[in-house]
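The values are calculated or read from the model by the stated rules, or taken from the named source; none is laboratory data. The model shown is predicted, which means the values in this text are computed figures rather than measured ones. When we count neighbours, we look across all protein chains shown, and the Cβ atoms used for this are built from the backbone with ideal geometry, even at glycine. Protein only, heavy atoms only, side chains kept; ligands, DNA and RNA dropped before computing areas. Shrake-Rupley method; radii C 1.70, N 1.55, O 1.52, S 1.80 Å.
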Amino acid sequence: MSAPDHNAEGRNQQDADHLMLFLDAARDSPPEMSTSLRERILTDAMASRTAPARPTVNALGWRNWFSGWAAPGFAGGVTVAVLGFWIGVTMPMPVMALDAPEWLQGALGYLDLMAVQLIGIDDPLLMEF
Amino acid sequence: MPLEQRPGDDQAALLARFVAGDRHAAEALTDLIAPRILRFAARMLGDLAEAEDVTQEAMLRLWRMAPDWQSGAAQPATWVYRVAANLCTDRLRRRRKMLHEVPELPDTSPSQHAQMMQTARIQALEAALSQLPERQRQAVILRHLEGMSNPEIAAIMMLGVEAVESLTARGKRNLSAILAGDREALGYDDDD
């Protein structure tokens, strides 16, 4: 091995030794954990144990059901069904409507009024279909 | 201090006891893990207040994870180191690079001078560490300041042992180069 190689090797060893001195200095003075940090960590630990339990899969399912599209869709379906039933059963019964309470007769009268505007006849039963 | 399981030091068992409501288990785990995480984070970030925040956050994640901890997984300390390393990475990305400056030494008495010199050396090392690429910094801190074995570091950094060896070697070379100009100023002349 030539002299320059020897020099380089020696230099590297010297660098490594010096680095170790820096590292030793840092190891000799490590940052210490404060009592307040320890207390904060333990407070977190106790708080995390008393935190409310995570909802079960079943509960999550119901929550998703109510917070998503299903509930509004279901409500819309019910509304349409009730309205359809009311139109299908109540409206074609003008004779019964004569005995209906006053509020129902008022409502039917209002519907008749709309029917005149829309289809030009007083009584939908006269449409003959 | 090695992270591997030793008699009386079964971190997973302590975690199970904590889940069952044992406060002493939480204290034991805190005393076992948190000081190491604080040292690691302080050296990664060069700021003790930030390191305390990282330590608290990493431990909080351990407490939250505890009910779902699977036995046979990594040691809790290894897992917390990983979390802390990621938290440090996040903070370093948000921060401007620290300037590398060797602090000026005031005129003092010999004993004060020695103390100041020691502090200055530590600060110089921290400044030099901050200039290393992040993975090299992690590897050097864990290997040479925390005294961990290469397999332990590999588990924390999720790397192979050879990769850790390579990172550590490159980190040391770079650190030596950065500190070369400070040696004389900090009392490490060629006669050391």
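Observations, loosely collected:
- Failed item in (1) modelled with pLDDT of 90 or more; (2) more than 14 Å from chain A (Cβ to nearest Cβ), with B:LEU105 passing the rest: (1)
- The combined condition, being open to solvent by 90 Å² or more (accessible area, probe 1.4 Å), of a type in the set (A, V, I, L, M) and at pLDDT 70 or above, is not fulfilled by A:VAL57.
- Matching option when the condition is open to solvent by less than 80 Å² (accessible area, probe 1.4 Å), modelled with pLDDT of 85 or more and either part of a helix (DSSP H, G or I) or away from every other protein chain (no Cβ under 14 Å) (or both), among A:VAL89, A:VAL78: A:VAL78
- The set of residues from the stretch B:14-66 being open to solvent by less than 30 Å² (accessible area, probe 1.4 Å), over 12 Å from the mean Cα position of the chain (by Cα) and more than 10 Å from chain A (Cβ to nearest Cβ) comprises B:LEU14, B:LEU15.
- The stretch B:154-175: number of residues that are polar (S, T, N, Q) and more than 14 Å from chain A (Cβ to nearest Cβ): 1
- Qualifying residue in the stretch A:65-74 (condition: open to solvent by 100 Å² or more (accessible area, probe 1.4 Å), at pLDDT 85 or above and either in a helix (DSSP H, G or I) or of a type in the set (Asp, Glu) (or both)): yes
- Lone qualifier among A:ALA26, A:ALA16, A:ALA45 - being at pLDDT below 80, within 29 Å of B:ASP47 (Cβ to Cβ) and of a type in the set (A, V, I, L, M, F, W, C): A:ALA16
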